[in-house]
Amino acid sequence: MKTKLATVLVVAGLTVSGVVPPARAGNNEADIQARVADARTVTAGFLKQLGATMKREMQAGGPVAALKVCRETAPRVASKISLEKGWKVTRVGTRVRNPMLGLPDAWEQRVLQDFQARAAQGEKFDTMSYYEVVEEPAGRSLRFMKAIGAAPQCMVCHGSREQMAEPVRAELQRLYPHDRAVGYRPGDLRGAVSIKQPLANGS
Ligand code: HEC
């Protein structure tokens with residue numbers, strides 16, 4: 001097998017119009033656009049489901065009980081979508097509570113930094129996303145990330161430790177002794193949904 005240089009193709013960056021991707025065998029631009037649209041739809045559904053479940057669980061059982069929405073529901077739904085779609089779907093954080101699941105890789109770190117820079121220019125996290133066709137030794141893939149902003153209702157468990165209700169603080173301390181996902185303020189970048197779709201090898 002021919003080894004390929006690890007090159008990265010930026011198919012469409014931060015601008016919406018006028019970006020003409022380089023010609024490339026394999027997945028064509030229409031296919032990429034369809035995949036990006038699919039990733040967007042799936043991500044919106046995922047975040048909506050998490051938001052609704054979190055709200056319901058907070059009302060029903062309070063924050064200690066609702067912890068399981070971020071701890072169990074989110075990874076379970078992400079795995080279910082991954083299996084159904086043949087993708088890898090995860091949530092990553094700018095600071096991480098669970099390093100087993102939430103730690104961004106180098107590409108994701110770069111995109112998170114870029115999201116911060118875009119926010120500094122006035123862009124809103126609600127609609128902020130990025131995608132790129134990436135060629136790595138393991139193969140080509142379409143990578144997609146959608147920003148997750150920290151909302152007021154996230155502060156119960158991701159706000160300042162000093163202001164946390166004691167049972168929540170104690171439970172987080174017990175489960176995550178190395179928790180770094182605290183100290184957020186509403187409007188901060190909390191993290192992102194990250195999707196990797198394997199692509200057929202081009203060229
Ligand atoms: C009731 C407590 C609670 C609330 C409220 C909560 N989270 Fe979490 N969050 C957690 C826990 C616990 C984890 C660790 C999950 C795990 O073990 O994978 C977590 C992890 C995450 C992660 C994965 C990265 C990491 O740090 O491990 C993201 C992203 C995240 N939360 C976003 C949010 C957002 C956005 C909100 C508000 C809409 C929110 N959370 C509200 C408890 C909470």
(request) Report, ordered by the first and then the second residue, all pairs with beta carbons closer than 9 Å, sequence separation of six or more or different chains, a first member in segment 88-101 that is closer than 17 Å to Tyr184 by Cβ, and a second member that is open to solvent by 70 Å² or more (accessible area, probe 1.4 Å) and within 6 Å of the ligand (Cβ to nearest atom). (result) Arg91/Leu101; Val92/Leu101; Arg97/Arg71; Asn98/Arg71
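Need at least 2 residues that are open to solvent by less than 50 Å² (accessible area, probe 1.4 Å) per element, so show me which helices (runs of 4 or more DSSP H) inside segment 30-121 make the cut, counting only ones lying wholly within it. So that I can check it myself, show each step before the final result.
Details: elements: 74-85, 99-102, 106-120.
The qualifying helices (runs of 4 or more DSSP H) are 74-85, 106-120.
Restricting to segment 179-203, name every residue that is over 16 Å from Val92 (Cα atoms) and over 18 Å from the mean Cα position of the chain (by Cα). Walk me through how you get there before you give the answer.
Here is the first cut: in segment 179-203, the residues over 16 Å from Val92 (Cα atoms) are 183, 185-187, 197-203.
Those that are over 16 Å from Val92 (Cα atoms) and over 18 Å from the mean Cα position of the chain (by Cα): Gly183, Arg185, Leu199, Ala200, Asn201, Gly202, Ser203.
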(message) Out of the residues in segment 122-145 meeting the condition of being of a type outside the set (Ser, Thr, Tyr) and surrounded by 21 or more Cβ atoms within 10 Å (Cβ to Cβ), tell me which one is nearest to the chain's Cα centre (by Cα).
(response) Met145
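Could you list, in sequence order, the residues of segment 131-155 that are under 28 Å from Lys55 (Cα atoms) and touching a residue at least 60 places away in the same chain (Cβ under 8 Å)? Lay out the reasoning, then the answer.
Our first condition is that a residue be under 28 Å from Lys55 (Cα atoms); within segment 131-155, this holds for 144-155.
Matches in segment 131-155: Phe144, Lys146, Ile148, Gln153.
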(request) Report whether or not Leu172 is in contact (Cβ under 8 Å) with a residue 60 or more places away in the chain and within 10 Å of the ligand (Cβ to nearest atom). (result) yes
(message) I want to confirm something. Restricting to segment 174-203 and keeping residues that are touching a Ser or Thr at 6+ places or on another chain (Cβ under 6 Å) and either part of a loop (DSSP other than H, G, I, E, B) or at pLDDT below 95 (or both), which single residue is most open to solvent (accessible area, probe 1.4 Å)?
(response) Gly183
(request) Test Gln163 against the stated conditions and say whether it is more than 15 Å from the chain's Cα centre (by Cα), open to solvent by 30 Å² or more (accessible area, probe 1.4 Å), modelled with pLDDT under 95 and under 20 Å from Leu47 (Cα atoms). (result) no
(request) Answer with yes or no whether Leu47 is at pLDDT below 95 and within 15 Å of the ligand (Cβ to nearest atom). (result) no
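The values are calculated or read from the model by the stated rules, or taken from the named source; none is laboratory data. If you're wondering where the values come from, they're calculated on a predicted model, not measured in any experiment. Because the Cβ atoms are built from the backbone with ideal geometry, glycine has one as well, and the counts that use them run over all protein chains shown. With ligands, DNA and RNA removed, areas are computed over all heavy atoms of the protein, side chains included. Shrake-Rupley method; radii C 1.70, N 1.55, O 1.52, S 1.80 Å.
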